[in-house]
Amino acid sequence: MEKVEKILYLINKYRDLTLSQEEDDELQRWLAESEENRSLLAELTDQSVLADKLKVYTQIDSQAVWEKTLQQIDPANKVIPLYPVQRVWRKYATAAAAAVVVLSLSVAGWLYFKPAVNQPIVEKQPASESKEDITTGLSKVTLVLSDGKKVVLDNPGDQQVITQGDVTISRANGQIAYKSPNGQDPVGSTVLYNTVSTPRGGQFQVILPDGSIVWLNAASSLRFPIAFAGGERNVSLTGEAFFEIAHMTNKPFKVAVEDGSTVEVLGTRFNINAYTDDALVRTTLLQGSVKLTTKAAAQQLLTPGQEALVDKSGKVAGVKEVGVDITKAVPWRAGYISLEGDIKTVMQEIGRWYNLKIEYAGKISTKSLKGQISRGYPIKDVLSILQDQGIKLKFDEKDQKIVLI
């Protein structure tokens, strides 16, 4: 039981980005023990997966869920009643006492409801969902295999296993994972590439062959080898993704984006926003260090809490301090739409997530917005909040578009 307590404690701190170096090392050792451990961490920290779980909690035997989670963390565990464990968690979660009640449903429920460090309180509560109004978060994800075959991954409940050469690709619970025999890269084989793409209104999680985890935002794609051979780990990104890279001292991880920039890391947590219809490519670092090289050969080193802005010419347009609070630095990964900044940037994000067209009938407003809103809100609530901030717009439900006037 002591091991279970400690791992859950570390996962909680991992989610809040408050791990010390010693604690991070301990968590990494547990993750290195098995693929199952890495999958469990990914599942317990993925907002969309947890949201799906919460929808069916009233139909679940909560004690059975708790026992299953304990067994995944420590297979040697004896069966332990759920409710006494809450007393253990109170000493780790005093900042979110209300969330302890949710723990009685499951660990995943607790992680979902517990606010991250300094997470803003949303004043406006979402209206009851209506079939016509909710158009978000449906992950109709496409996997393109090395031979060009397309696999649609559109049902969160389905489990699929695909084999390519010596590599096994498994899909379940809103994620896809790659595994080589004995965790080793195939030797002397041809490098095969796969591509995972999300549509507007969808997101997905990929566990790469080295154990690195990538969360793809809406309208994004990631191309990567099914096994990392050679001295580098190279992937390419279109759109936006959040990366948690497994540390490998002698094998750097490189992300190439369409504007010609490359981000190089050894082991770290960072986000790249590289949508082709945005004026800037944004690289945001939360943990570790990265080196950014643009197509103009400009280089920029980032430290945690910094965000680099690169324009279309490859020039570093600026580096700003955004902090390491994920809800503020990378709000989409915490389940939020950022209302910070100019109206065009905000509307592009809303259009991608709700799968809506954005049109401008007049001069684009230069008004700067403030705040954040949950991605789970119905679109009508989102538009109401924008109107409260002085934005004039019309919503055409028939043509699924927002017109700013």
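Observations
- Among residues of segment 248-302, those that are touching a residue at least 24 places away in the same chain (Cβ under 8 Å), crowded, with 19+ Cβ neighbours inside 10 Å and β-branched (Val, Ile, Thr), counted: 10
- When segment 303-317 is filtered for residues that are without any contact (Cβ under 8 Å) to a residue 24 or more places away in the chain and basic (Lys, Arg), only LYS315 remains.
- Of the residues making up segment 345-371, those that are modelled with pLDDT of 90 or more, part of a strand (DSSP E or B) and not aromatic (Phe, Trp, Tyr) number 3.
- Close Cβ contacts (under 9 Å, 6 or more residues apart or on different chains) running from residues in segment 318-335 that are crowded, with 20+ Cβ neighbours inside 10 Å to residues that are at pLDDT 95 or above and hydroxyl-bearing (Ser, Thr, Tyr) comprise ALA329/THR284; VAL330/THR284.
- Any hit, segment 387-396, residues being at pLDDT 90 or above, closer than 22 Å to SER220 by Cβ and out of contact with any helix residue (DSSP H, G or I) (no Cβ under 8 Å at 6 or more places or on another chain): no
This table checks each residue for (1) in contact with a strand residue (DSSP E or B) (Cβ under 7 Å, 6 or more places away or on another chain); (2) of a type in the set (D, E, K, R); (3) modelled with pLDDT of 95 or more.
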residue: ASP259; (1), (2), (3): yes, yes, no
residue: GLU264; (1), (2), (3): yes, yes, yes
residue: GLY267; (1), (2), (3): no, no, no
residue: ASN273; (1), (2), (3): yes, no, yes
residue: GLY314; (1), (2), (3): no, no, no
residue: ILE326; (1), (2), (3): yes, no, no
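- Among residues of segment 351-383, those that are surrounded by fewer than 20 Cβ atoms within 10 Å (Cβ to Cβ) and either in contact with a Cys (Cβ under 9 Å, 6 or more places away or on another chain) or free of Cβ contacts under 8 Å to residues at least 60 places away in the same chain (or both), counted: 15
- Within segment 1-23, if we keep just the residues that are surrounded by fewer than 18 Cβ atoms within 10 Å (Cβ to Cβ) and farther than 18 Å from GLY305 by Cα, the residue that is modelled with the lowest pLDDT turns out to be MET1.
- Scanning segment 197-219 for residues that are touching a Phe, Trp or Tyr at 6+ places or on another chain (Cβ under 8 Å) and among the hydroxyl-bearing types (Ser, Thr, Tyr) gives THR198, SER212.
- Residues located in segment 215-234, provided they are under 17 Å from the mean Cα position of the chain (by Cα) and either surrounded by 22 or more Cβ atoms within 10 Å (Cβ to Cβ) or not assigned by TED's automatic domain parsing to the domain that holds THR283 (or both): TRP215, LEU216, ASN217, ALA218, ALA219, SER220, LEU222
The values are calculated or read from the model by the stated rules, or taken from the named source; none is laboratory data. Computed from a predicted structure; not experimentally measured. So basically every Cβ, Gly included, is an ideal-geometry build from the backbone, and we count neighbours across all protein chains shown.
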